[in-house]
Structure formats: structure tokens, C-alpha cells
Amino acid sequence: MQSCEISSDSTDDPLSSGLRTHRQPRILVIGAGLAGLAATETLLENGFTDVTVLEASDRIGGRVQSFEHGEAALELGATWIHGATGNPVYHLAKDNRLLEDPECERNVGRISLYGKPGVSHYQTNSGKRIPKALVEEFRDLYDEVYELTQEFFQSGKPVCAESQNSVGVFTRDAVRKRIMLDPDDSESTKKLKLSMLQQCLKVESCESSSPSMDEVSLSEFGEWTEIPGAHYVIPQGFMKVVELLAQDIPSHTFSLGKPVRCVHWNYFAKQQEKMSDGSNSHHGNNHNDNDGGQTHDDQHHPILGRHPVRVECEDEEWIAADHVIVTASLGVLKKNHEAMFSPSLPEDKVSAIEKLGIGTTNKIFLEYAEPFWSPECNTIQFVWEDEAQLEQLVYPEEQWYKKICCFDVLYPPERYGHMLNGWICGEEALHMERCDDDTVAETCTELLRLFLGNPNIPKPRQVLRSSWGSDPYIRGSYSFTRVGSSGADFERLAMPLPYAKSTKAPPLQVLFAGEATHRKYYSTTHGALLSGQREATRLMEMYQDLHHVKTTQA
């Protein structure tokens with residue numbers, strides 16, 4: 001873990017040398033995911049002592065959730081460490097010996113990362129396997145076009161109107177044209193390739209956590225930055241990273257099962273406005289006496305004055321703070337931002353929240369007593385032949401299963417047993433969440449029987465699945481640049497409040513962290529972790545500056 005130093009002559013107290021005689025700043029962190037944990041750890045290890053984490057759910061980890069399975073773990077949320085060089089999650093895992101041996105580390109394709117090096121079986125809904133040579137021929141074409149989607153951002157290429165600035169529209173049109181212009185292919189082969197195209201776009205939607213690649217911005221698609229190196233899984237579970245981040249945070253710092261209703265910032269400015277209007281607002285439910293009104297400490301603090309922020313919790317408790325770091329997911333902000341902040345968020349921040357995208361990507365784990373797939377198979381891809389010419393892959397609720405793009409074979413079986421991991425995204429993922437386990441097991445069994453042409457495939461003996469879309473404290477998997485948004489929207493979302501540097505209001509009252517606030521690494525665990533460290537560093541630098549101003553004025 002990288003740590004940030006406040007100054008070379010400071011002690012472990014950020015208010016040392018001049019500010020020590022006054023109180024520590026009170027900092028609240030909303031959310032105990034990777035961003036919130038990283039912010040809290042960084043603050044505590046640099047001398048801030050009055051830090052409290054408010055977590056709405058009954059556990060820490062956020063979108064990291066590992067489920068113990070024998071000697072291994074199944075990941076309902078974050079699964080892979082993407083890249084090594086400069087990746088703080090990788091270095092944290094490596095330093096603590098959580099990774100596999102180097103010879104087991106693999107850099108394989110974009111979704112099927114559990115699997116061993118092997119063969120992807122592309123199966124049609126007529127129960128036939130598409131020949132490997134034809135699959136490879138199509139994949140070469142598809143991957144060539146996929147590379148072109150990166151160039152619009154990276155090379156500043158203009159986006160033509162026909163593409164609608166959409167990765168899905170551009171990719172579908174470009175691949176279709178090349179398929180249809182191939183003089184060597186029969187009509188049946190062209191139709192099969194067009195069907196494989198639709199399946200690949202479903203896979204990409206799962207990876208982007210978008211309902212459809214038609215919603216993903218073409219001009220911004222290359223903004224996301226890939227860290228060099230392989231993709232790594234943590235056999236003991238990604239929760240081990242969460243535990244490492246939390247191990248030096250005292251347990252009393254956490255307040256679990258503590259949903260936040262509203263962050264009241266510029267609190268005393270609002271109170272003065274009410275008083276000037278002849279109204280008076282006193283909250284009798286404050287959790288301690290010095291939070292409800294003005295205290296001796298509040299009156300005489302030379303820099304911060306009184307606590308400028310009040311956090312109103314769902315249990316009616318009000319908590320005062322000098323700074324609040326909000327790590328709520330983009331999905332939660334989309335749903336709740338109007339009620340969650342008072343005064344309302346600035347228009348440009350609201351615009352960023354509305355423009356950026358977040359979808360739901362869910363996993364479906366199926367466990368079997370024995371494998372019914374061949375030993376070399378590492379993934380089963382579902383290709384619906386009747387979808388070759390469709391423009392929009394949107395299904396009625398009762399056909400949610402048609403959005404399941406594939407099932408990965410978890411490897412090695414010595415670790416996972418005989419396990420398949422299915423992928424589904426979009427509204428169909430939300431439909432799946434509303435089904436019971438038996439319905440999901442039955443539906444997946446029928447799908448596998450259909451595509452593999454084997455009516456004897458048994459029902460799984462266990463089903464485990466995620467439900468990120470319906471989780472009220474998450475509301476989605478991770479963010480993406482939706483058509484109409486840009487990388488600048490991630491930065492706007494990250495800007496602390498209040499904005500104006502010239503304002504007399506206390507600075508950095510509300511700070512924002514989380515994967516959707518990192519311009520280059522959005523949608524990743526390392527983006528979340530780095531964003532938390534960034535906001536902690538922002539506070540550390542402010543107190544360093546305050547210390548410098550006070551000593552030069554003395």
C-alpha cells in the first residue's frame with residue numbers, strides 16, 4: 001500500500017504544530033466498500049483520529065462479496081485483479097501472498113478468466129457446436145473491429161453520424177458489412193456469423209455492465225485505461241483484500257446497518273437563512289448534546305468554526321462532521337441524490353450522475369456432482385440462430401434467460417468442484433433476480449440441454465447467484481461511459497463541495513469517492529481503492545496548507 005506523508009516535520013497528528021490545541025476534524029465516511037476502507041485507512045495511518053464509517057448494510061466490502069466453497073471462494077462481486085504494474089490491489093494481494101503461483105497466472109480473453117487454457121464451445125440453439133475453425137475465423141474479424149472502437153478516443157478520430165456514437169451500433173454495422181461482403185461464405189455461414197456477433201455483443205455488455213453495447217459511448221470507449229499484466233484471481237476470495245484494508249481500522253470506527261438519509265452541508269449557512277426568515281430548526285434527535293447546537297468548541301475553532309455538515313441517518317440520528325466522504329455507488333446516486341443532499345447537488349454534478357451509465361451484471365453459479373462437458377471445454381457460449389438480423393436484443397420478462405450469454409467452466413476442479421458460472425446483464429438480470437432459486441436452476445438446465453443437445457443433463461445440486469441490481473444500497477454493478485457522457489463526467493462527480501474557492505464556507509465539506517469517480521480506472525477495484533486514497537490525501541493536503549497558513553501568519 002502506498003501511503004501519503006503530510007509533511008516532513010509533522011508528527012502523527014494532522015493538527016500538530018499550531019493546530020494541536022484545537023480539536024481533531026470529525027470525518028464521516030459513507031460506505032465500507034473498497035473506496036471507503038481505503039480512505040479510512042489512509043486517514044487513520046496519517047494521524048486523523050476522529051473518523052467514523054457509516055455502512056448501510058450489515059457487512060463491509062461493498063461490491064466485494066466472497067462465498068466460501070470448500071477450500072476456495074465463489075465471487076458474487078469483484079473477481080479479478082486487472083493488471084499488475086502500479087495496481088495497488090495487486091501489490092496488496094501479492095505482498096500478502098494471496099495470489100497463485102506465477103506459472104498459474106493467466107492473461108486470457110475478456111470474461112472467461114476462471115477457465116483453463118482450452119476451447120470455447122460455441123453452441124447453437126439447435127444443439128450443434130459451431131466448428132472451431134469457423135469460430136476462429138469469426139473471432140479474428142470481430143476482434144479486428146473491436147480494436148477499431150478504441151481508436152476514436154485514443155486517436156481522436158471523428159465519429160460518423162451513422163454510428164450514433166455507440167459501440168454497439170458501430171460494431172454491429174462494421175462486422176455485418178464485412179460478413180456480407182465475403183464472397184467465400186455461403187448464406188448459412190453468414191447467418192451463423194451474424195448470430196455469433198449478437199452473442200459477442202451480449203458478452204461485451206456483461207463486461208461493460210451495460211444493458212446493451214448500444215448504450216456505450218464510442219467516442220469515449222478508449223478512455224478506460226488497462227493496467228499492463230495478467231488478470232489474477234484470489235483463490236481464498238477477494239474478501240481477503242477487504243480484510244487486509246480493514247485490519248488496522250479499529251472496530252469501533254464502523255457503524256454497520258446505518259443507512260444515511262441525507263447529507264446536510266453548509267448546515268449553518270442554511271440555519272442562518274432560516275433564522276432570517278423567522279423560522280427555527282432544532283433537531284431533538286441528535287446523538288449527543290454538542291451536535292445539535294453551538295458548542296464552546298464550535299464557537300472558537302479558528303479555522304473550521306462549527307461543524308458545517310450534519311448527516312441525517314435513517315434511524316433519525318443526526319451526526320455532525322467537518323468532512324464527509326461519500327462513496328455511494330453511481331446507482332445509489334442516480335436513485336437518491338435529490339433526497340440525499342441538502343442543499344441539492346450543483347447542476348453539473350447532477351448532470352454527470354444522469355449522463356454516466358451503470359448497469360447490472362449478475363453471475364449464476366451451478367454446481368454438479370459430475371461434469372457433463374468435455375475436458376477441454378473452458379466456456380459454453382450460447383448462440384441463438386434466430387437473432388442474426390435483430391437490431392435490439394431486448395426480451396420480454398418471461399424470456400429473461402435469452403440474455404444469458406455463456407457459462408464458464410471454473411478451473412481447477414480440485415478447487416471448485418464441477419462448477420459453471422453463467423453471465424447475464426441488463427433488465428434481464430433484474431428479471432432473474434426476481435425468480436426463486438428453483439426457477440433459475442430449472443431454466444438454466446433447459447438452456448444447457450437445448451444448446452448442448454443433451455436432454456439428460458441433470459439439474460444442478462446447488463445454485464448461487466448475485467443480485468446487485470435489486471440491492472437498495474448498491475443498485476448496479478459498475479459504471480460505464482454512456483452515449484452522451486464523457487470522461488470529464490467522472491471528474492465532475494469527484495469534485496468536492498462546496499466548489500467556489502472564494503467562498504467563506506468551510507472547504508471540503510463533502511468529498512466523493514468510488515469507482516465511478518475515477519476517470520481512467522472506473523469500473524475496477526483499483527479505481528475504487530485509489531479514489532478513496534485520493535480523497536483522504538485531499539484532506540491531508542488541506543490540513544497541511546492550513547498549518548502552513550497559520551504558522552506564516554503567526
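The values are calculated or read from the model by the stated rules, or taken from the named source; none is laboratory data. Predicted model only: the values in this text are computed from it and were never measured. Here Cβ is always computed from backbone atoms with ideal geometry, including for glycine, and neighbour counts include all displayed protein chains. Surface accessibility is based on the protein's heavy atoms, side chains included, excluding ligands, DNA and RNA. Shrake-Rupley method; radii C 1.70, N 1.55, O 1.52, S 1.80 Å.
Need pairs with beta-carbon distance below 6 Å; first residue without any contact (Cβ under 8 Å) to a residue 60 or more places away in the chain and open to solvent by less than 30 Å² (accessible area, probe 1.4 Å) and within the range 182-195, second assigned to a helix (DSSP H, G or I) and hydrophobic (A, V, I, L, M, F, W, C); sequence gap 6+ or separate chains.
Cβ pairs passing all conditions: Lys190/Ile179; Lys193/Phe138; Lys193/Ile179.
Could you run through the range 152-182 and say how many residues are in contact with a Ser or Thr (Cβ under 8 Å, 6 or more places away or on another chain) and either hydrophobic (A, V, I, L, M, F, W, C) or not in a helix (DSSP H, G or I) (or both)?
The qualifying residues number 8.
Contact list please: Cβ distance under 7 Å, first residue in the range 428-456 and closer than 16 Å to Gln399 by Cα, second residue in a helix (DSSP H, G or I) and open to solvent by 70 Å² or more (accessible area, probe 1.4 Å), pairs at least six apart or on different chains.
If the second residue must be in a helix (DSSP H, G or I) and open to solvent by 70 Å² or more (accessible area, probe 1.4 Å), the pairs left are His431/Glu397.
For every residue, the table says whether it meets (1) over 18 Å from Ala39 (Cα atoms); (2) open to solvent by 60 Å² or more (accessible area, probe 1.4 Å); (3) hydroxyl-bearing (Ser, Thr, Tyr); (4) touching a Gly at 6+ places or on another chain (Cβ under 7 Å).
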site: Ala488; (1), (2), (3), (4): yes, no, no, no
site: Glu491; (1), (2), (3), (4): no, yes, no, no
site: Ala500; (1), (2), (3), (4): yes, no, no, no
site: Phe512; (1), (2), (3), (4): no, no, no, no
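Return yes when Thr360 is of a type outside the set (Asp, Glu) and touching a Cys at 6+ places or on another chain (Cβ under 6 Å) and no when it is not.
no
Test Ile111 against the stated conditions and say whether it is under 24 Å from Tyr411 (Cα atoms), among the aliphatic types (A, V, I, L, M) and at pLDDT below 95.
Judged against the criteria, Ile111 is a match.
Considering Val159, Val167, which residue is surrounded by fewer than 17 Cβ atoms within 10 Å (Cβ to Cβ) and touching a Leu at 6+ places or on another chain (Cβ under 6 Å)?
It is Val159.
Could you check the range 238-256 and list, in sequence order, the residues that are open to solvent by less than 30 Å² (accessible area, probe 1.4 Å) and either farther than 30 Å from Gly417 by Cβ or at pLDDT below 95 (or both)?
Ile249, Thr253, listed by residue number.
Look through Gln150, Gln236 and report the one residue that is touching a Leu at 6+ places or on another chain (Cβ under 8 Å), touching a residue at least 60 places away in the same chain (Cβ under 8 Å), of a type in the set (S, T, N, Q) and within 23 Å of Ser477 (Cβ to Cβ).
Going through Gln150, Gln236 in turn, the sole match is Gln236.
Can you tell me which residue in the range 56-75 is farthest from His307 (Cα to Cα), limited to those that are open to solvent by less than 20 Å² (accessible area, probe 1.4 Å), modelled with pLDDT of 95 or more and in contact with a strand residue (DSSP E or B) (Cβ under 7 Å, 6 or more places away or on another chain)?
Leu74
Test Glu338 against the stated conditions and say whether it is without any contact (Cβ under 8 Å) to a residue 40 or more places away in the chain, in contact with a Leu (Cβ under 9 Å, 6 or more places away or on another chain) and over 28 Å from Arg176 (Cβ atoms).
When the stated conditions are applied, Glu338 passes them.
Out of the residues in the range 179-226 that are β-branched (Val, Ile, Thr) and at pLDDT 95 or above, which is farthest from Ser166 (Cα to Cα)?
So, considering only residues that are β-branched (Val, Ile, Thr) and at pLDDT 95 or above, the one farthest from Ser166 (Cα to Cα) is Thr189.
Go through the residues of the range 234-247 one by one and say whether even a single one is in a loop (DSSP other than H, G, I, E, B) and over 27 Å from Arg59 (Cβ atoms).
No, the range 234-247 has no match at all.
If I ask for residues that are open to solvent by 10 Å² or more (accessible area, probe 1.4 Å), farther than 23 Å from Ala56 by Cα, of a type outside the set (A, V, I, L, M, F, W, C) and not in a loop (DSSP other than H, G, I, E, B), which ones from the range 424-483 would you list?
Listed by number, the residues that qualify are Glu427, His431, Asp437, Asp438, Thr439, Glu442, Thr443, Glu446, Arg449, Gln462, Arg482.
Going by the structure shown, is Ala93 of a type in the set (A, V, I, L, M), within 27 Å of the chain's Cα centre (by Cα) and at pLDDT 90 or above?
It is true that Ala93 is of a type in the set (A, V, I, L, M), within 27 Å of the chain's Cα centre (by Cα) and at pLDDT 90 or above.
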